[in-house]
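Below is one structure, written out as structure tokens; comments come after it.
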Amino acid sequence: MIYLVTKAAVGLVLPPKLRDLSRESVLITGGGRGIGRHLAREFAERGARKIVLWGRTEKCLKETTEEIRQMGTECHYFICDVGNREEVYQMAKAVREKVGDITILVNNAAVVHGKSLMDSDDDALLKSQHVNTLGQFWTTKAFLPRMLELQNGHIVCLNSVLALSAIPGAIDYCTSKASAFAFMESLTLGLLDCPGVSATTVLPFHTSTEMFQGMRVRVSQPLPATEARDSSPEDSGSYATKPSPSLAPVDHEYPHYLEKSILPQAALEEIHRFSGTYTCMNTFKGRT
Ligand SMILES: NC(=O)c1ccc[n+]([C@@H]2O[C@H](COP(=O)([O-])OP(=O)(O)OC[C@H]3O[C@@H](n4cnc5c(N)ncnc54)[C@H](OP(=O)(O)O)[C@@H]3O)[C@@H](O)[C@H]2O)c1
């Protein structure tokens with residue numbers, strides 16, 4: 001235990017050992033824009049063999065695919081709504097036939113409606129659960145069996161700090177992310193005896209893509225899970241921060257666990273008021 005805790009603590013400060021991606025084929029859901037688009041670029045820069053992008057909007061998928069191809073990496077896109085189980089299985093089959101085996105699956109696609117429970121349309125509430133949570137069930141079920149056969153695979157979930165610390169005004173999103181967090185915890189433990197196959201959960205803080213446009217938080221998180229960079233004018237995605245290249249593991253969010261385990265509810269509520277997370281969605285005008 002002491003060894004493992006020390007190793008994890010050292011791992012928080014030392015740069016991680018980067019994995020060789022030259023034989024990996026990566027599929028990113030919601031890869032056409034936002035964080036997904038950035039990840040596609042990052043995987044291409046780091047030498048991934050093939051990249052596959054899934055999403056609903058052809059225009060941005062096409063643009064990102066062209067950009068990745070210009071970087072010298074084989075890239076394909078497929079129109080696929082991850083909330084639609086049959087479509088996921090159908091498209092997974094199409095990917096296998098056209099591109100081959102996927103060895104890294106990045107479950108990144110998500111939507112947010114940005115409303116309280118009573119203001120939310122029932123269908124909108126259902127949609128977030130279908131896309132943000134159940135979508136990961138279907139994509140993982142579609143690609144994991146082959147990873148297990150190959151004894152080579154990695155499932156990555158782009159989750160959110162809101163999985164651990166919910167805010168008002170995004171009840172659909174927080175619920176779906178908390179559920180996806182439990183899904184990944186269970187999956188990760190279930191893979192312990194599966195050589196060559198593992199899973200990572202990433203919990204980014206507020207990232208200025210279109211998703212949470214308008215949302216305002218006064219105080220940032222204590223330990224950044226994302227690193228900031230200025231968005232360049234040629235970026236058609238509007239984000240100004242990017243996930244750390246190592247895909248920061250869940251360990252970076254220990255402060256959230258700690259504060260929730262130690263502090264009384266009244267103190268947690270005060271933190272929400274002070275940090276601005278209590279009212280941050282009042283100015284929300286993101287896109288779903
Ligand atoms: N932005 C933040 O502040 C923030 C913070 C923490 C975590 N995250 C997480 O990071 C991930 C990426 O978010 P982002 O900021 O890049 O958001 P974004 O710019 O809104 O992008 C969301 C992506 O998901 C895709 N998508 C949405 N519904 C889909 C569906 N049914 N089927 C397939 N693709 C779908 C979208 O593509 P199409 O529209 O083409 O389908 C788009 O590419 C999400 O999981 C989000 O929860 C974001």
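Working note: Karplus 6.51/-1.76/1.60 with θ = phi - 60° gives the stretch 56-66 the couplings 9, 9, 4, 4, 6, 5, 5, 4, 5, 4, 4 Hz, where Gly and Pro are set to x. Using the Karplus relation 6.51 cos²θ - 1.76 cosθ + 1.60 with θ = phi - 60°, the per-residue 3J(HN,Hα) values for the stretch 189-202 come to 5, x, 9, 4, 9, 10, x, x, 10, 8, 9, 9, 10, 10 Hz, with x marking Gly and Pro. Here the stretch 20-35 and the stretch 141-214 have alpha carbon centers that stand 15 Å from each other.
The packing ranking, built from the mean of other Cβ atoms within 10 Å per residue, places the peptides 103-111, 204-212, 64-72, 127-135 in the order 103-111, 127-135, 204-212, 64-72, highest first.
Entry note, the chain: the mean residue ellipticity at 222 nm calculated from DSSP H runs of n ≥ 4, each adding -39500 (n - 2.57), is -12500 deg cm²/dmol after division by the residues and rounding to the nearest 500.
Sort the following peptides by mean Cβ neighbour count (other Cβ atoms within 10 Å, averaged over residues), highest first: 10-23, 139-152.
Details: 10-23: 10.6, 139-152: 16.9.
Per-residue mean Cβ counts within 10 Å order the peptides as 139-152, 10-23.
Given charges of +1 on the Cβ of Lys and Arg and -1 on the Cβ of Asp and Glu, with all other atoms neutral, how large is the dipole of the stretch 17-283 about its Cα centre, in debye to the nearest 20?
Numbers: 28 positive and 32 negative charges, 80 e Å.
Once rounded to the nearest 20, the dipole reads 380 debye.
Between Glu87 and Ala182, how many nm apart are label points set 7 Å from Cα along the C-beta direction? Placing both labels 7 Å beyond Cα along the Cβ direction yields 2.7 nm.
Can you bin the stretch 17-283 into rounded, prolate or oblate? Criterion: square roots of the alpha carbon gyration tensor eigenvalues sorted a ≥ b ≥ c, rounded for a/c under 1.5, prolate for a/b above b/c, oblate for the rest.
Numbers: a/c = 1.57, a/b = 1.47, b/c = 1.07.
It is prolate, given that a/c is not under 1.5 and a/b is the larger ratio.
Between the amide H of Gly55 and those of Gly30, Phe78, Cys80, distances stay under 5 Å, these residues lying 5 or more places away or on another chain, with hydrogens modeled in the peptide plane. Rounded to whole numbers, the Karplus 3J(HN,Hα) couplings from phi for the stretch 137-154 are 4, 5, 5, 5, 5, 6, 10, 5, x, 5, 4, 5, 4, 6, 6, 8, x, 8 Hz, using 6.51 cos²θ - 1.76 cosθ + 1.60 with θ = phi - 60°, and x at Gly and Pro. Projecting label points 7 angstrom from Cα along Cα→Cβ for Leu258 and Lys7 puts them 2.2 nm apart.
Read the figures in this text as sums done on the coordinates, not as results from a lab. For clarity, every value in this text was computed on a predicted model and none was experimentally measured. Because the Cβ atoms are built from the backbone with ideal geometry, glycine has one as well, and the counts that use them run over all protein chains shown.
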